[in-house]
Structures are given as structure tokens and as C-alpha cells.
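I'd like to ask some things about the structure below.
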Amino acid sequence: MIQPDVNPAAPLAVDSGSFRDRDGRVYRLDGRIIRGLSAGALADFEKLRTKKFYRRFLEQGRLVSSEPLAPERVPLAPQEHERWAGFLEHAAVPVISYPYEWTFGMLRDAASLQLELVEAAILEDMTLKDATPYNIQFRDGRPVFIDIPSFETLQAGAPWAGYRQFCELFLFPLMLQSYKGIPFQPLLRGRIEGVGVQIAARLFGLRDRFRPGVLSHVWLQGKLDRRFAATRQDVRSDLKSAGFNKELILANVRKLRRLVAKLSWEGDDSEWGAYEAFHNYSEGDHRLKESFVDECLAASGAGLVWDIGCNTGQFSRIAARHARQVLAMDLDHFAVERLYRAVRAEQQGNILTLVQNVADPSPNWGWRNRERSDLGSRARPDLILCLALIHHIVISANIPLDEFVDWLAGLADQLVIEFVSRVDDKVKTLLRNKQDKYSDYSRERLEAALGRHYRVRRQQTLESGNRFLYWCART
């Protein structure tokens with residue numbers, strides 16, 4: 001909800017990711033989101049508010065709510081006030097996430113929203129000047145568009161300026177995952193502008209040209225890009241002179257909508273996507289573990305919970321009964337994809353699913369290493385669930401146990417962690433073809449590491465005798 005007053009003593013920060021837009025800037029004020037607008041952007045916003053599609057998407061919860069804010073109620077320095085013709089206040093999104101942390105289904109749903117908005121805007125003589133997934137966030141389990149200054153008046157004869165950006169940040173990553181099984185997250189994390197058209201043309205082979213969308217959106221676009229890359233020709237003016245109109249844009253956008261809707265991926269290489277079918281817990285141990293987690297979360301008072309190594313989200317759902325927000329993350333893309341599909345179907349809005357490898361987490365990067373921030377800076381947890389994970393971190397990822405516990409303690413004041421002993425089948429499997437140099441992997445070493453940061457409030461040994469649960473809180 002938009003709040004009526006601004007506390008002048010509240011800390012103010014310029015959003016480090018909003019600097020590229022010359023028509024606006026985002027400021028964070030005591031948990032609130034305020035945006036300065038240029039005169040042109042403010043005029044476009046006033047026009048936008050009169051459009052039927054704007055009200056419709058607002059009512060559906062797919063467009064961030066935004067209200068004008070009088071300049072005298074925004075405690076900015078005079079030079080900041082002078083930069084902008086007006087200010088908006090947006091409803092805050094609980095947790096900011098990035099497309100390289102999303103699943104296939106999340107990126108596809110965001111792409112569909114982007115295209116729906118473009119089509120609806122053009123039908124009412126407006127458009128979106130860009131098409132980046134960074135303008136979309138997930139709230140209540142579904143995508144919501146947050147970059148209001150992206151809307152502008154449609155100019156007669158102008159093409160859709162965001163088409164190439166849509167391809168490089170939405171369409172190419174989706175097609176590479178769908179058609180070739182190439183994970184898109186490393187590609188998007190490796191280049192902030194996405195998968196370039198020439199890179200995509202090299203990744204799709206000759207046979208791929210017969211797949212839907214590859215010939216027109218990859219191969220032909222790549223050919224035109226090479227042809228006009230160094231030209232002095234004014235292509236926009238030429239299009240306008242040739243009678244380019246909004247019906248041509250609408251035809252392209254509608255074709256893209258149909259293409260995106262047909263793209264699919266079923267995670268053939270998933271290791272943990274069906275974890276519930278092959279874990280080695282007895283039925284009794286499974287019930288004990290569920291009860292332990294449920295009771296600890298109920299007593300913790302934690303508002304924001306991370307479930308790292310969430311698999312298909314069984315314990316994320318338990319955490320969601322008690323916490324305001326749960327981040328369910330795993331490095332297995334399809335396991336998280338399955339959870340996203342379930343959360344969306346169940347409308348369990350306080351679980352945000354993320355593809356995240358805690359041994360190689362999202363970094364600070366982009367311009368000046370501040371344009372995109374690490375997850376801990378965006379959403380610092382009150383409590384971390386770390387269940388059946390530590391053996392993978394220490395043995396598979398070669399991260400020393402003490403280092404891992406130090407990292408956990410640096411993030412959260414509370415921790416629920418499970419230790420899997422060396423006699424457990426899962427640990428034996430990890431060590432089977434490795435030289436055992438993991439003398440630090442022991443229950444005693446874990447308890448000593450925990451003791452340096454936390455007080456163990458409760459612990460539970462499962463009936464197998466091979467697994468141990470701890471609920472820890474800051475000392």
C-alpha cells in the first residue's frame with residue numbers, strides 16, 4: 001500500500017540498478033520505493049493512467065501500483081529535486097530477483113507478461129520502449145511489471161524498439177533451454193545484455209533453423225544485423241517512409257506470444273527433480289524431520305527464511321506456514337521448476353523459487369559491480385534451513401566445513417541444519433570415487449563450528465542414527 005507520509009529521518013539510497021534510464025531514477029526510502037520522472041516520462045504516465053489496459057493490469061496484480069507523490073513530501077537534496085519534473089511512489093516488491101536466478105517457467109511467464117503488455121499498450125496507442133526481464137519481478141507467485149517509465153506514447157511509423165532486447169533477454173534463452181537443453185542462467189549471468197543475436201546464431205546449428213522461431217528471429221535477424229551494423233542509413237526513417245504501422249508490430253508480437261507459449265522444457269538431466277521418490281529416509285525419520293522443522297519454525301519468529309538445497313520444496317512449504325516470505329533455492333534447475341509450477345498452481349504466494357548454487361552464488365556485478373547485487377544484500381534471512389546439504393557442500397564442492405558454517409552465520413541469526421554422518425549411504429556414494437581428504441567432515445567439527453556463532457536451542461537424532469538435526473540461534 002502507498003503510505004501517506006515520508007519520514008525525513010529515514011535512510012535514503014539511490015537504487016544502483018536504475019541509472020540507465022535517463023527518464024527516471026529509483027530511490028529507496030525506509031523500505032519504500034520512490035521514483036523521479038522527467039517531464040516527458042511524467043506526461044506519459046498521466047496519459048497511461050487514462051488507459052483501460054493500465055487499469056486492467058493493475059486490478060489483475062500484474063502491474064505495480066504507482067501513485068504521484070508531491071515533491072515536498074520527498075526528502076531529497078535540492079539538486080535531486082531539480083532533476084525531476086515529478087515523483088511516483090510504487091508498491092514495494094518483497095524480494096528482488098534476477099532472471100539468471102529464475103526457472104524456465106518463470107522466464108517464460110515473464111516473457112508472456114511482457115508481450116501481453118506490449119500488445120495491450122499498442123492497441124491504445126502507447127508502447128514499451130524496452131523489453132528487459134529486469135523490469136519484471138515475482139510477487140505472490142506470479143510476475144508483475146514494475147518499470148512504469150518504460151511506457152511511452154507510440155509514435156506513428158515507429159517500430160517496436162524493444163524487439164531485439166526481447167529476443168536477447170527472453171526469447172533466445174528460452175529457445176536454447178527448450179530446443180537444445182542449454183541452461184540459460186549462466187548465459188544471462190555472463191552478459192548483462194543477454195544472449196547476443198550473433199552468439200545465438202552460432203549456438204543454433206543448421207538443422208535448428210527448422211525449429212519454430214529460429215529462422216526468423218535468430219538467423220534472419222543475425223543476417224540483417226551483420227548487414228546494417230556499420231551502416232549510416234537511418235533505418236527508423238526508412239521504415240516510417242515505407243508505411244510501417246502498428247498492425248505490423250501487433251502481428252509480430254502476437255506471433256511471439258504464440259511461440260513463447262509453445263516452448264517447453266522437462267528437465268531430462270535433473271538429479272533432484274524427483275527427490276521425494278528416491279531419498280533414503282524411513283517413513284518414521286521423515287515424520288520426525290518434518291515435525292522438528294515445523295516446531296522450530298513456529299517458535300523462531302522468523303519473517304524471511306531461506307531454504308537452501310530445497311529440492312522440490314517439501315520443507316519450504318512447512319516454512320511458509322510460519323514465515324512472511326520463503327526463498328526456496330536449489331542448484332537443480334528442474335527441481336526448482338517443479339516447485340515453481342506447484343507454487344503457481346497452489347497460489348502459495350509467499351514462496352519465491354530461485355535457481356541458486358550456494359557454492360557459486362549470485363555476485364555483485366554489472367556497472368561498478370553495483371548494478372546487480374548479491375542475494376544476501378537483497379534479502380537477508382532471519383533463518384536458514386540447511387537440510388541434507390552440508391555433505392554436498394564439503395565433499396562435492398570442496399568447501400571446508402568451518403568456512404560454510406561461517407558463511408551461514410554471517411547471513412542469519414538462526415539456523416536449522418542437518419548433519420548426515422559418514423555411515424549414511426548418501427555420504428558413502430559421494431566418497432566412493434574420491435580420495436578422502438575430508439577430515440573436517442564430522443559431527444564433532446560441526447558442533448564446534450556452530451558453537452562459535454550460535455547456541456543450540458534444540459537437537460534431534462533421527463531413528464536411523466545417521467542423521468542429526470540442530471536448531472541454532474545467535475548467542
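The values are calculated or read from the model by the stated rules, or taken from the named source; none is laboratory data. Everything numeric in this text was worked out from a predicted model, so none of it was measured. For the accessible areas, the whole protein counts, side chains as well, though only heavy atoms, and no ligand, DNA or RNA atoms are used. Shrake-Rupley method; radii C 1.70, N 1.55, O 1.52, S 1.80 Å.
Keeping all protein chains in the complex and leaving out DNA, RNA and ligands, what accessible area do you get for Ser439 with a 1.4 Å probe, in Å² to the nearest 10?
In the full protein context, Ser439 sits at about 110 Å².
Then there's this: Over the heavy atoms of Cys310, what accessible area does a 1.4 Å probe trace out, to the nearest 10 Å²?
Near enough 10 Å² of accessible area.
Let me ask another. Determine which aspartates and glutamates satisfy two conditions relative to Lys262: a Cα distance under 19 Å, and not lying fewer than 8 residues away in the same chain.
Asp109, Glu116, Glu119, Glu168, Asp208, Glu337
How high is the relative contact order of the chain, in percent, counting Cα pairs under 8 Å that sit 6 or more residues apart? Can you show the working numbers first?
Values: 768 pairs, mean separation 56.8, N = 475.
Result for the chain is 12 percent.
Given all pairs of different Cα atoms, what value in angstroms does the Kirkwood hydrodynamic radius of segment 374-424 take?
About 11.8 Å, per the Kirkwood formula over Cα pairs.
Order Lys262, Lys47 by their accessible area, 1.4 angstrom probe, all chains in place, largest first.
On the way: Lys262 165, Lys47 80 Å².
So the residues, ranked largest to smallest area, are Lys262, Lys47.
Could you pull out every one of the lysines with an alpha carbon less than 30 Å from that of Lys428, ignoring same-chain neighbours closer than 8 positions?
Here the lysines satisfying the reach criterion relative to Lys428 are Lys289, Lys437.
On to the next question. At 1.4 Å probe size, with no ligands or nucleic acids counted, give the accessible surface of Arg317 in Å², nearest ten.
My reading of the accessible area for Arg317 is about 60 Å².
How much area per residue is accessible in the chain when the probe is 1.4 Å and only protein heavy atoms are counted (Å²)?
Numbers: 21780 Å² over 475 residues.
Result: 46 Å² of accessible area for each residue.
Return one quarter of the surface area of the convex hull spanned by the alpha-carbon atoms of segment 1-144, equal to its mean projected area, in nm².
On the way: hull surface 35.0 nm².
Mean shadow area of the hull around the Cα atoms is 8.8 nm².
Which angle from 0 to 90°, rounded to the nearest 10, does the C-alpha axis of helix 333-346 make with the longest principal axis of the chain?
Rounded to the nearest ten degrees, it is 70.
Taking a cut-off of 26 Å, what percent of all Cα-Cα pairs in segment 61-206 are separated by more than that? Please list the in-between numbers first.
Numbers: 3757 of 10585 pairs.
Distances greater than 26 Å cover 35 percent of the Cα pairs.
In degrees from 0 to 90, rounded to the nearest 10, what is the angle of the helix 246-262 Cα long axis to the longest principal axis of the chain?
20 degrees
Oh, and also: Could you tell me the ratio Rg/Rh of the chain? Both radii from Cα atoms, Rh via Kirkwood.
On the way: Rg = 24.7 Å, Rh = 24.5 Å.
Reported Rg/Rh (Cα atoms, Kirkwood Rh): 1.01.
Further question: When only the heavy atoms of the protein chains count and the probe is 1.4 Å, how do Tyr134, Tyr454 rank by accessible area, highest first? Before the final figure, lay out each step's value.
On the way: Tyr134 30, Tyr454 10 Å².
Accessible-area ranking of Tyr134, Tyr454, largest first: Tyr134, Tyr454.
Next question. Expressed as an acute angle from 0 to 90° and rounded to the nearest 10, what is the orientation of the C-alpha long axis of helix 104-123 relative to the principal long axis of the chain?
Orientation of helix 104-123: about 20 degrees from the principal axis.
Next question, about the same structure. Under the rule of -39500 (n - 2.57) per DSSP H run of 4 or more residues, summed and divided by the residues of the chain, what mean residue ellipticity at 222 nm is obtained, to the nearest 500 deg cm²/dmol? Each step should come with its number before you reach the end.
Numbers: 19 runs with 176 residues, N = 475.
Computed mean residue ellipticity for the chain: -10500 deg cm²/dmol.
For Arg35, Arg457, write out the residues from largest to smallest accessible area, computed with a 1.4 angstrom probe and no ligands counted.
On the way: Arg35 15, Arg457 115 Å².
Result of the area sort, largest leading: Arg457, Arg35.
If you don't mind, another one. Calculate, in nm to one decimal, what Ser396 and Arg380 gain on full extension: separation in residues at 0.36 nm each, minus their alpha carbon distance. Write out the running numbers ahead of the final one.
On the way: separation 16, 0.36 × 16 = 5.76 nm, distance 2.58 nm.
Going from the current span to full extension adds 3.2 nm.
With the cut-off at 1.5 for a/c, could you classify segment 128-221 from its C-alpha gyration tensor as rounded, prolate or oblate?
Values: a/c = 2.27, a/b = 1.35, b/c = 1.68.
Here segment 128-221 falls in the oblate category.
Take the residue pairs Lys52/Lys246; Lys51/Lys223; Lys180/Lys255 and return only those whose Cα atoms are more than 30 Å apart.
Details: Lys52/Lys246 18 Å; Lys51/Lys223 38 Å; Lys180/Lys255 21 Å.
Where the Cα-Cα span goes over 30 Å, the pairs concerned are Lys51/Lys223.
Could you please state how large a percent of the accessible area of segment 159-204 is carbon and sulfur, counting protein chains only and using a 1.4 Å probe? Intermediate results must be reported in sequence, preceding the final value.
Numbers: 870 of 1580 Å².
Here carbon and sulfur together make up 55 percent of the probe-accessible area.
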